[in-house]
Amino acid sequence: MFDAGTRTIVVVGAQWGDEGKGKLVDVLAERADWVVRYQGGANAGHTVHIGDESFVLHQIPSGILHPNVRCAIGNGVVLDPETLFTEIDELVADGIDVEGRLYVSDRAHLVLPYHKLVDSSSSASKAIGTTGRGIGPAYEDKVARRGVRVLDIRQGNHLQPIVEAAVAHANAQLAAFGCPDRASVEETMDLLDRLAPRLLPLAEDVGLALHRAQRKGTAILLEGAQGSLLDVDHGTYPFVTSSSTTSGGAATGAGISPRSIDRCLGVVKAYTTRVGHGPLPTEFQEPLQSHIRKLGNEFGATTGRPRRCGWFDSVVVRYAVRVNGLTDLAVTKLDVLDTLDELSVCTGYRVGSDLYTEFPGDLGALETAEPVYEVFQGWRKSTADARALGDLPTPARIYLDRIEALVEAPITYVSVGTRRDQIIGL
Ligand code: GDP
């Protein structure tokens, strides 16, 4: 996708996350100079398979697996320093050198142990089905202006009152939740003291570095986590994540101008999945549910939680095309559908006597929505070795053509397996 006129690309999930963004980012990173994460925390869990090895990265951009790529964690991310250091150590143990090419925004907020404690004791977190990694409470502190940013740890006396306010708030929450544990100012200050010598050398004004890189015509890839339907504004609120997962969030979360983004690639599965609670109008019934889950290995990379699966929902993806301004689509996991006799694509929702063809903001409507389907013939043939659209069986091409027309965005890539080379469109 990178060419003379396309220097900054954003990759977003266009469903509920886990669409296979990691693979697309990995493939595109081959031509990138920078790969930047712009939102979310250490709950993302991209899986990248290289040869026989598989890497699961929660905090570091997966572009790090390419030796000449510089990687940055943007200001929009909430950074878990302990996960960051564990990942750095694991990468180094696997022979991947990160020295001098991994940067952390000095404005990124830190996820600290008290955030995890609050997350795991909060009944609200359980109701949403969060990963319990403190991401939500860290974003809450950010918005409530009591967060600890990377740059705050440069000066101990400046840091102390920030930590005191944050710990007091966390302890009030823990008491309200009936949790006997308490956060401690002293322990938090000690932890930050221990982390500082390793974290501060990575700290950078990432927005400025990217701006300078853009002026030199550098190729920049902005890597989203989760999916558009989990965006705090545009997702199925309140069953959403705490950050802006859509392309608008890429600009704020990386610290660059929205006008500097040239193209926006939305990644979608050839069907639909979602983890945790909240509406999923096209959700399969058993036994199809377990069958597709097994075929697609639909278990979370971070938590191992089984994902809920359903038919491709064109209402959802057309909405994602609109809110992100998607210029391109990548359809992944087409191979997972290879053995089915018949497939369905949702084209609208029937709610009472109304037919919805645009995604509603009202959760009540979604909960009672009855999907309207178009049915397609299965191709019953392996697509794993297809490397050009012409290699795909005709019913698979009919399926993809119809998706393209329904969602109103061109399909630029089709992924047909976990390996780097199992892709059409390069
Ligand atoms: P991400 O968070 O969007 O990167 O998604 P995950 O990494 O959580 O999930 C994607 C999973 O699907 C990974 O295990 C990938 O290796 C796998 N995957 C990606 N593309 C394909 C594909 O085309 N076919 C199959 N079978 N698996 C794929």
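Read-outs throughout are calculated quantities, based only on the coordinates presented, and are distinct from any laboratory measurement. Please read these numbers as outputs of a predicted model, since none were measured by experiment. Every residue, glycine as well, gets a Cβ built from its backbone with ideal geometry; the counts of neighbours run over all protein chains shown.
For the reader, a short list of remarks on this structure follows.
- Estimated FRET transfer efficiency (Thr339, Glu408; beta-carbon r; R0 22 Å; 0.05): 0.15
- Computed over the Cα atoms of the stretch 62-191, the ratio of the radius of gyration to the Kirkwood radius (Rg/Rh) comes to 1.01.
- For Lys216, the lysines whose Cα falls under 28 Å of its own Cα, not counting residues fewer than eight places away in the same chain, are Lys21, Lys23.
- Orientation-averaged projected area, Cα convex hull of the stretch 208-357 (nm²): 10.8 nm²
- Counting only residues at least eight positions apart within a chain, or on another chain, the aspartates and glutamates with an alpha carbon under 14 Å from that of Lys116 are Asp80, Glu82, Glu140, Asp141, Asp181.
- Among Thr188, His109, Ala4 the positive-end extreme of the charge dipole of the chain (Cβ point charges): Ala4
- Nitroxide proxy distance, nm - points 7 Å out along Cα→Cβ at Arg145 and Leu363: 2.9 nm
- Once the Cβ-Cβ distance of Ile398 and Val372 is raised to the sixth power relative to R0 = 22 Å, the FRET efficiency obtained is 0.70.
- By the helix-only formula, in which each DSSP H run with n ≥ 4 contributes -39500 (n - 2.57) and the sum is divided by residues, the chain has a 222 nm mean residue ellipticity of -10000 deg cm²/dmol.
- Distance in nm between pseudo-label sites at Leu355 and Thr86 (7 Å out along the Cβ direction from Cα): 5.1 nm
- Taking other C-beta atoms within 10 Å as the exposure proxy, His211, His115, His58, His169 rank His211, His169, His58, His115 from fewest upward.
- Computed over the stretch 1-157, relative contact order equals 18 percent, with contacts defined as Cα pairs under 8 Å that lie 6+ residues apart.
- Extension gain, Glu53 to Phe299, is 86.7 nm, computed as 0.36 nm per intervening residue step minus the present C-alpha separation.
- Burial ordering of Met189, Met1, fewest other beta-carbon atoms within 10 Å first: Met189, Met1
- Inter-part distance where the stretch 75-97 and the stretch 345-404 are each reduced to a Cα centre, Å: 38 Å
- Taking a straight line from the alpha carbon of Lys333, these aspartates and glutamates sit under 12 Å away, with near neighbours fewer than eight places off in the same chain left out: Asp18, Glu19, Glu298.
- The chain - share of DSSP beta bridges that are antiparallel (%, nearest 5): 40 percent
- Two-decimal Rg/Rh across the chain, once Rg and the Kirkwood Rh are taken from alpha-carbon atoms: 0.97
- Positive-end residue of Phe55, Leu28, Leu65, charge dipole of the stretch 26-90 with Cβ unit charges: Leu28
- If only the Cβ of Lys and Arg carry +1 and only the Cβ of Asp and Glu carry -1, the dipole of the chain around its Cα centre is close to 580 debye.
- Among Tyr399, Tyr413, Tyr237, Tyr114, a tally of other beta-carbon atoms within 10 Å of each Cβ gives an order, fewest to most, of Tyr237, Tyr413, Tyr399, Tyr114.
- For the peptides 217-226, 331-340, residues were scored by their other Cβ atoms within 10 Å and the scores averaged per peptide; the highest-first order is 217-226, 331-340.
- Under 11 Å from the Asp3 label point (7 Å along Cα→beta-carbon), backbone N, the stretch 388-405: none
- Charge-dipole axis of the stretch 176-328 as Lys and Arg at +1 and Asp and Glu at -1 on Cβ define it, positive-most pick from Gly304, Ser247, His291: His291
- Equivalent ellipsoid, the stretch 105-261 (semi-axes from 5 times Cα gyration tensor eigenvalues, Å): 29, 23, 10
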